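*Asks:* The structure is given below, and queries will be raised subsequently.
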There are 2 protein chains.
Amino acid sequence: MIMWLFGETVKIGYNSFMKQSELFTKTLRHLPADEETINAQFLTRAGFVDKLMAGVYSYLPLGLLTLKKIEMIVREEMDAIGGQEILMPILHPAEIWKKTGAWTTVDVLFKIKSRTEKDYALGQSEEEVVTPLVMAYVDTYKDLPKAVYQIGWKFRDELRSKSGLLRGREFYMKDMYSFHVDQPDFDRFYDIVKKAYLKIFERIGLVAKVTEASGGTFSQKISYEFMVLTNAGEDNILYCDVCEFCVNEDIAKRKSGDVCPKCNQGKLSQAKASEVGNVFDLGQKYGKDFDLGFKDGNGKKQYPIMGCYGLGISRLMGVVVEKFHDEKGIIWPKAVTPVDLHLINIAKDRKIADKLYETLQTEGFSVLYDETSVSAGEKFANSDLIGIPTRVLVSDKTLKEDSVEIKARNSDKTQLVKIKELVKNLKQ
Amino acid sequence: MIMWLFGETVKIGYNSFMKQSELFTKTLRHLPADEETINAQFLTRAGFVDKLMAGVYSYLPLGLLTLKKIEMIVREEMDAIGGQEILMPILHPAEIWKKTGAWTTVDVLFKIKSRTEKDYALGQSEEEVVTPLVMAYVDTYKDLPKAVYQIGWKFRDELRSKSGLLRGREFYMKDMYSFHVDQPDFDRFYDIVKKAYLKIFERIGLVAKVTEASGGTFSQKISYEFMVLTNAGEDNILYCDVCEFCVNEDIAKRKSGDVCPKCNQGKLSQAKASEVGNVFDLGQKYGKDFDLGFKDGNGKKQYPIMGCYGLGISRLMGVVVEKFHDEKGIIWPKAVTPVDLHLINIAKDRKIADKLYETLQTEGFSVLYDETSVSAGEKFANSDLIGIPTRVLVSDKTLKEDSVEIKARNSDKTQLVKIKELVKNLKQ
């Protein structure tokens with residue numbers, strides 16, 4: 001595979017210190033009337049997203065931070081396996097979609113007519129763009145394999161969109177495309193991507209099942225979906241309680257309670273799940289459709305075997321909330337929390353808390369600082385709703401002991417820590 | 001203004017070490033047939049962008065790095081003046097555009113009909129989204145002022161698009177929106193934004209003129225455009241050769257050669273220019289259209305004065321190439337170069353160059369490493385075309401002196417530097 005080395009010099013920094021009084025969003029006390037799912041309810045109430053219409057959301061300051069945290073994890077793992085990052089357009093000329101037949105077969109394709117009567121499509125997957133783009137630089141088998149990916153917005157003309165971030169008409173996605181001389185090389189790379197995907201989900205704190213599914217409109221071959229079990233999910237899967245076998249009910253020839261066809265030991269159980277990633281073996285379809293090939297070792301023209309690897313970044317944000325919450329609000333895993341610490345002052349004199357806010361920044365923590373004048377009870381409720389993993393409380397009571405109180409969002413235990421030992425304690 | 005503090009904890013790292021043989025793009029020897037402007041010609045030949053159709057480009061690995069460098073500079077300066085970053089949708093319901101009248105008055109608005117016969121628009125500016133979004137959190141004058149911004153893709157149904165990155169049907173833009181209790185507060189903030197804009201252009205190495213222009217479809221008031229003089233620009237301006245007076249010819253009541261109406265000393269000259277930023281005083285239009293106001297000190301309902309501040313990020317990338325190039329290729333300013341160094345090996349034995357590549361990375365430089373087997377002449381030509389500011393050459397001749405040769409892209413002078421002193425020399 002391409003040995004694109006790790007690099008981190010070009011950094012895009014997002015603001016991650018903020019005083020709560022200055023944040024333009026506020027938490028909402030009541031459930032949004034038109035949201036059915038937990039992810040949309042909590043993310044809206046906590047000020048992470050705002051619905052413009054069904055399946056289309058704005059990402060507000062805290063929501064953007066979490067979205068970018070997930071994006072960064074995905075980028076690191078795609079770079080690590082040799083993916084080269086690019087950005088392909090959203091607006092596509094109709095011709096490329098007509099060439100592959102998808103103009104008429106893909107029902108979720110948004111179509112636009114310009115004022116000069118030209119037809120365009122909005123990108124919902126980008127095989128039609130990436131195939132001519134990459135193959136323009138491929139002459140012989142020596143130029144393969146190649147893998148390019150992008151992170152950006154996709155569009156699907158969904159009939160219904162009622163699952164919050166789990167099914168967007170506009171959604172944030174990583175899509176990678178790979179090009180190979182033959183099937184064994186695709187299989188080799190597919191295995192590498194599968195491991196990278198499982199690592200991404202693990203870093204975020206999720207467990208995903210690798211699920212057999214149909215190839216959809218893209219391919220007649222079997223595809224693989226990465227499924228996270230959640231009742232908010234829109235897929236039904238059958239999985240073995242002993243081995244790793246898992247299949248989408250759409251193509252399953254078995255039912256719940258059957259013996260696992262793989263290990264012959266476990267029993268199959270049904271569950272609802274959300275598809276957070278997928279892999280399609282595209283075969284030679286796109287090379288053939290565009291008649292773009294390469295010369296093999298004998299100088300003979302061949303078409304590349306291509307793979308497509310999707311990963312839903314905004315959907316992952318929704319799935320994380322579905323998996324990590326309680327009745328009070330979100331409980332962000334540390335890997336994707338908008339900021340590290342929620343510093344809360346309820347002491348009469350803000351001076352100590354103000355100073356701590358500065359110190360924690362200097363020490364490399366990202367901090368949301370609640371220095372507002374609402375009641376302690378309201379501050380705690382807001383904090384539980386927003387769901388930052390660690391709360392640092394400054395009160396007159398703790399200050400009497402030269403201390404602050406630390407509490408993890410996922411625990412009821414509180415801990416009194418001397419102020420001068422706070423940084424050391426947090427870094428443990 | 002909102003005191004949103006600087007933060008840099010959430011970082012999105014882009015790969016910026018790469019071996020040239022592994023980069024999937026290659027430089028093109030010949031001019032692309034259908035590109036008329038220097039920016040599109042060089043950016044295409046050097047492998048920074050690829051045209052999908054007129055006004056719509058893919059950003060390839062090197063191009064994405066430069067785009068993100070510009071984005072980072074813009075983000076830093078918007079954060080520094082208290083802008084809160086969000087991301088608003090691209091796909092908008094028609095209703096919000098009908099409410100403000102723009103559905104029929106904005107001719108460049110892309111319109112879509114879904115398969116359920118719903119009408120959507122593609123965002124080309126986002127007053128229609130941001131006004132209800134921000135005003136939902138504004139109750140009284142105490143909640144103002146507010147400024148939010150986003151960095152993302154915009155769409156315009158242009159009749160023609162022949163200027164490369166200077167006029168996109170799909171383009172990358174920063175748009176900020178501010179909300180104020182009254183005109184003086186808007187004026188105060190406009191001045192802050194103006195200074196931030198001039199700082200951004202200065203950091204990138206550009207000089208922009210603040211130009212009076214018409215308010216367009218948005219407003220009956222005068223607006224301000226930030227213009228960079230370039231023959232590839234699509235605007236004509238008149239500027240004073242003594243003072244800062246500058247006006248778009250569209251609204252100028254004077255002509256080239258006239259005495260400057262501001263200083264009464266200088267003479268007006270005509271020039272072609274590209275609009276890299278703009279400011280619109282939106283007045284109370286959007287607050288009134290959506291009937292969204294706030295309570296003033298007397299509890300009386302008022303509508304906010306709003307401002308809109310655009311800045312074209314992909315256009316800036318094109319303007320930089322128009323301003324900084326010679327007949328051989330691009331000459332990137334250090335602030336927006338895709339990587340710091342172009343390391344080139346033409347020595348028979350690659351070992352020393354390979355080791356330098358590692359060392360330079362460890363020392364914090366981003367590096368493109370040409371370790372390919374093409375001729376020295378071809379490597380130099382590629383390097384001049386790509387335009388990285390500093391070239392580090394390893395040859396058998398330099399190695400005899402335990403040295404490498406350093407050359408700035410914008411100079412003919414070469415300098416022999418001892419390998420052990422290279423890092424120190426580069427950091428000077």
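*Asks:* Would you confirm whether any residue within the stretch A:377-395 is away from chain B (no Cβ under 14 Å), surrounded by fewer than 19 Cβ atoms within 10 Å (Cβ to Cβ) and over 27 Å from A:Val321 (Cβ atoms)?
*Replies:* The answer is yes, given that some residue of the stretch A:377-395 is away from chain B (no Cβ under 14 Å), surrounded by fewer than 19 Cβ atoms within 10 Å (Cβ to Cβ) and over 27 Å from A:Val321 (Cβ atoms).
*Asks:* Considering only the stretch A:116-124, I want to know if a residue exists there that is modelled with pLDDT of 95 or more and β-branched (Val, Ile, Thr).
*Replies:* The answer is no, given that none of the residues of the stretch A:116-124 is modelled with pLDDT of 95 or more and β-branched (Val, Ile, Thr).
*Asks:* While we're on this one: Could you list, in sequence order, all residues of the stretch B:338-357 that are out of contact with any Asp or Glu (no Cβ under 7 Å at 6 or more places or on another chain), surrounded by fewer than 18 Cβ atoms within 10 Å (Cβ to Cβ) and in a loop (DSSP other than H, G, I, E, B)?
*Replies:* Within the stretch B:338-357, B:Asp349 is the sole residue that qualifies.
*Asks:* Additional query: Quick one: B:Leu5 ticks every box in (1) within 8 Å of chain A (Cβ to nearest Cβ); (2) closer than 30 Å to B:Leu133 by Cα; (3) modelled with pLDDT of 90 or more bar one, so which box is it?
*Replies:* All conditions pass for B:Leu5, except number (3).
*Asks:* Evaluate the following for B:Lys427: is it surrounded by fewer than 12 Cβ atoms within 10 Å (Cβ to Cβ), at negative phi and among the basic types (Lys, Arg)? Spell out how you get there, then give the answer.
*Replies:* Values: surrounded by fewer than 12 Cβ atoms within 10 Å (Cβ to Cβ): yes; at negative phi: yes; among the basic types (Lys, Arg): yes.
Spelling it out, B:Lys427 is indeed surrounded by fewer than 12 Cβ atoms within 10 Å (Cβ to Cβ), at negative phi and among the basic types (Lys, Arg).
*Asks:* Which one is modelled with the lowest pLDDT among residues in the stretch B:8-43 that are of a type in the set (D, E, K, R) and more than 24 Å from B:Leu166 (Cα to Cα)?
*Replies:* Taking the candidates together, the pick is B:Glu8.
*Asks:* For the stretch A:343-370, what are the residues that are of a type outside the set (A, V, I, L, M, F, W, C) and away from every other protein chain (no Cβ under 14 Å)?
*Replies:* Residues of the stretch A:343-370 that are of a type outside the set (A, V, I, L, M, F, W, C), as a first pass: A:345, A:348-351, A:354-355, A:357-359, A:361-364, A:366, A:369-370.
Of everything in the stretch A:343-370, those that are of a type outside the set (A, V, I, L, M, F, W, C) and away from every other protein chain (no Cβ under 14 Å) turn out to be A:Asn345, A:Lys348, A:Asp349, A:Arg350, A:Lys351, A:Lys355, A:Asp370.
*Asks:* For B:Arg160, state whether it is in contact (Cβ under 8 Å) with a residue 24 or more places away in the chain, surrounded by 21 or more Cβ atoms within 10 Å (Cβ to Cβ) and more than 8 Å from every other protein chain (Cβ to nearest Cβ).
*Replies:* no
*Asks:* Going by what's in this entry, would A:Leu360 be described as in contact with a helix residue (DSSP H, G or I) (Cβ under 8 Å, 6 or more places away or on another chain) and either in the same structural domain as A:Asp187 (by TED's automatic domain parsing) or among the aromatic types (Phe, Trp, Tyr) (or both)? Full working, then the answer.
*Replies:* On the way: in contact with a helix residue (DSSP H, G or I) (Cβ under 8 Å, 6 or more places away or on another chain): yes; either in the same structural domain as A:Asp187 (by TED's automatic domain parsing) or among the aromatic types (Phe, Trp, Tyr) (or both): no.
Judged against the criteria, A:Leu360 is not a match.
*Asks:* Let me ask something else. Of the residues A:Phe189, A:Phe201, A:Phe218, which single one is over 21 Å from the mean Cα position of the chain (by Cα), outside any strand (DSSP E or B) and modelled with pLDDT of 95 or more?
*Replies:* Numbers: A:Phe201 fails: over 21 Å from the mean Cα position of the chain (by Cα); A:Phe218 fails: modelled with pLDDT of 95 or more.
Answer to the selection: A:Phe189.
*Asks:* Might you check whether a residue that is free of Cβ contacts under 8 Å to residues at least 12 places away in the same chain and in the same structural domain as A:Thr211 (by TED's automatic domain parsing) occurs anywhere in the stretch A:265-288?
*Replies:* No, the stretch A:265-288 contains no residue that is free of Cβ contacts under 8 Å to residues at least 12 places away in the same chain and in the same structural domain as A:Thr211 (by TED's automatic domain parsing).
*Asks:* Of these, B:Lys194, B:Lys154, which one is of a type in the set (Lys, Arg) and under 22 Å from B:Asn248 (Cα atoms)?
*Replies:* On inspection, the qualifying residue turns out to be B:Lys194.
*Asks:* Looking at A:Glu363, is it crowded, with 16+ Cβ neighbours inside 10 Å and under 26 Å from A:Val336 (Cβ atoms)? Working first, answer last.
*Replies:* Details: crowded, with 16+ Cβ neighbours inside 10 Å: no; under 26 Å from A:Val336 (Cβ atoms): yes.
For A:Glu363, the condition - crowded, with 16+ Cβ neighbours inside 10 Å and under 26 Å from A:Val336 (Cβ atoms) - is not met.
*Asks:* Another question, if that's okay. Only one of (1) among the hydrophobic types (A, V, I, L, M, F, W, C); (2) more than 9 Å from chain B (Cβ to nearest Cβ); (3) in a loop (DSSP other than H, G, I, E, B) is not met by A:Val108, so which one is it?
*Replies:* Looking at each condition in turn, A:Val108 falls short on (2).
*Asks:* Taking the condition facing chain B (nearest Cβ under 9 Å), touching a strand residue (DSSP E or B) at 6+ places or on another chain (Cβ under 7 Å), surrounded by fewer than 21 Cβ atoms within 10 Å (Cβ to Cβ) and acidic (Asp, Glu), does A:Asp143 pass?
*Replies:* Details: facing chain B (nearest Cβ under 9 Å): yes; touching a strand residue (DSSP E or B) at 6+ places or on another chain (Cβ under 7 Å): yes; surrounded by fewer than 21 Cβ atoms within 10 Å (Cβ to Cβ): yes; acidic (Asp, Glu): yes.
The answer is yes for A:Asp143.
*Asks:* Could you check the stretch B:375-392 and list, in sequence order, the residues that are part of a helix (DSSP H, G or I), among the charged types (D, E, K, R) and within 14 Å of B:Asn345 (Cα to Cα)?
*Replies:* The answer is B:Glu378, B:Lys379.
*Asks:* Out of B:Pro304, B:Pro261, which single residue is crowded, with 21+ Cβ neighbours inside 10 Å and either hydrophobic (A, V, I, L, M, F, W, C) or more than 14 Å from the chain's Cα centre (by Cα) (or both)?
*Replies:* From the options B:Pro304, B:Pro261, the qualifying one is B:Pro304.
The values are calculated or read from the model by the stated rules, or taken from the named source; none is laboratory data. Bear in mind that the values here come from a model prediction, so they are computed numbers and not experimental data. When we count neighbours, we look across all protein chains shown, and the Cβ atoms used for this are built from the backbone with ideal geometry, even at glycine.
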